[in-house]
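The numbers here are math on the coordinates, done by the rules we state, and not lab data. Model, not experiment: these values are computed from the prediction. Here the Cβ positions follow ideal geometry from the backbone for every residue, glycine too, while neighbour counts run over all protein chains shown.
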Amino acid sequence: MGVPTLGCSCRVCTSTDPRDRRLRPSVAIEWQEEGATLDPHCVLIDTGPDFRQQALRFGIRNIDAVFYTHPHADHILGLDDLRPLTFGHRDQKMPLYADAATADVLERVFSYTFSATATYPTRARVELRRLNGAVDVAGATFTPVPLLHGKLGVTGYRFGNAAYLTDMNNVPDASMPLLEGVEVVVLDALRPQPHPTHATISEAIGWAQRIGARETWFTHMSHEVMHAETDPQLPASIRLAYDGLRVPIEL
Ligand SMILES: [Zn+2]
Ligand SMILES: [Zn+2]
């Protein structure tokens with residue numbers, strides 16, 4: 001829902017700590033080839049309703065590809081704001097990767113973009129590709145990691161020594177080998193209280209310890225979590241993420 005949450009005046013929603021102001025979850029992976037003079041390569045995971053603000057605030061000027069985790073509104077509704085970044089997109093359509101169920105929803109919600117009969121002249125120049133294993137983007141490999149968000153199958157991603165696993169409360173046994181050797185993990189941790197589709201703080205600590213990364217960053221926290229209070233209580237290898245956080249990884 002984002003924090004502050006609409007209609008709420010609780011102590012987290014009114015906190016003056018910038019780490020308690022949470023736009024909808026998303027991550028950008030940036031890398032630059034040695035000696036390159038173009039903008040860095042950038043892969044985005046999800047385009048939520050806050051994508052435009054995030055791109056402006058954090059200086060995202062070029063996107064090579066977008067990967068989607070699942071078709072909920074807080075992860076897809078900013079797709080149309082990709083438009084200006086797709087117009088001169090290295091002379092080809094920007095690829096968007098999603099599992100079949102997510103791609104079906106994107107095609108329906110953004111029919112004016114994807115329909116074979118779409119004619120709107122300045123629709124996004126994007127190409128939806130259904131995921132079928134690992135994808136290479138400009139030399140970096142992105143591997144889908146199947147997860148469960150309650151009963152809904154969602155897609156996490158492994159790239160280099162890092163993984164992004166949001167909107168989940170279960171990592172199926174078959175997905176654990178895909179996380180072997182991972183050193184930096186971003187993990188769903190909604191709040192202390194139980195939730196049917198998101199990991200609680202203590203469930204997320206359990207997943208973090210089973211995955212065993214050197215560092216784990218919790219994301220998707222709700223207004224039940226005050227950063228300054230919860231962060232110091234976590235095990236040493238686990239921290240709360242916050243908007244604008246930058247973490248070095250190896251691709
Ligand atoms: Zn609140
Ligand atoms: Zn979500």
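Key figures for this structure:
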{"quantity": "Size of electric dipole in the chain: Cβ of Lys, Arg +1 and of Asp, Glu -1, about Cα centre, debye, nearest 20", "calculated": "520"}
{"quantity": "GLN53/SER202 FRET efficiency (R0 41 Å; Cβ-Cβ; nearest 0.05)", "calculated": "0.85"}
{"quantity": "Modelled FRET efficiency - R0 25 Å, ASN132 with GLU107, Cβ distances, 0.05 increments", "calculated": "0.90"}
{"quantity": "Summed side-chain charge close to ALA228 - residues other than ALA228 whose Cβ falls under 10 Å, Lys, Arg +1, Asp, Glu -1", "calculated": "-3"}
{"quantity": "Label-to-label distance, nm, for residues given as THR5 and ARG214 (7 Å Cα→Cβ offset)", "calculated": "3.6"}
{"quantity": "D_trans [Stokes-Einstein, Kirkwood Rh over alpha-carbon pairs] for segment 1-51, 25 °C, 0.890 mPa s, µm² s⁻¹", "calculated": "182"}
{"quantity": "Net dipole in debye of segment 173-251 [+1 Lys, Arg Cβ; -1 Asp, Glu Cβ; about Cα centre; nearest 20]", "calculated": "60"}
{"quantity": "Selected from VAL137, GLY153, THR86, residue furthest toward positive end of dipole (segment 59-186; charges at beta carbon)", "calculated": "THR86"}
{"quantity": "Most to least packed among 34-42, 161-169, 175-183 [average Cβ atoms within 10 Å]", "calculated": "161-169, 175-183, 34-42"}
{"quantity": "Computed E for ILE249/ALA118 - FRET, C-beta separation, R0 41 angstrom, nearest 0.05", "calculated": "0.65"}
{"quantity": "Loop-resident sites, segment 61-125, for chymotrypsin sites (Phe, Trp or Tyr not before Pro), counting at most 14 other Cβ within 10 Å (DSSP)", "calculated": "PHE87"}
{"quantity": "Two-site label geometry, LEU38 and PHE87: point separation in nm, points 7 Å out along Cα→Cβ", "calculated": "1.9"}
{"quantity": "Volume of the Cα convex hull of the chain, divided per residue and given in Å³", "calculated": "136"}
{"quantity": "Segment 133-208: C-alpha pair distances exceeding 17 Å, %", "calculated": "42"}
{"quantity": "Relative contact order (%) - criterion: Cα under 8 Å, at least six apart; region: the chain", "calculated": "15"}
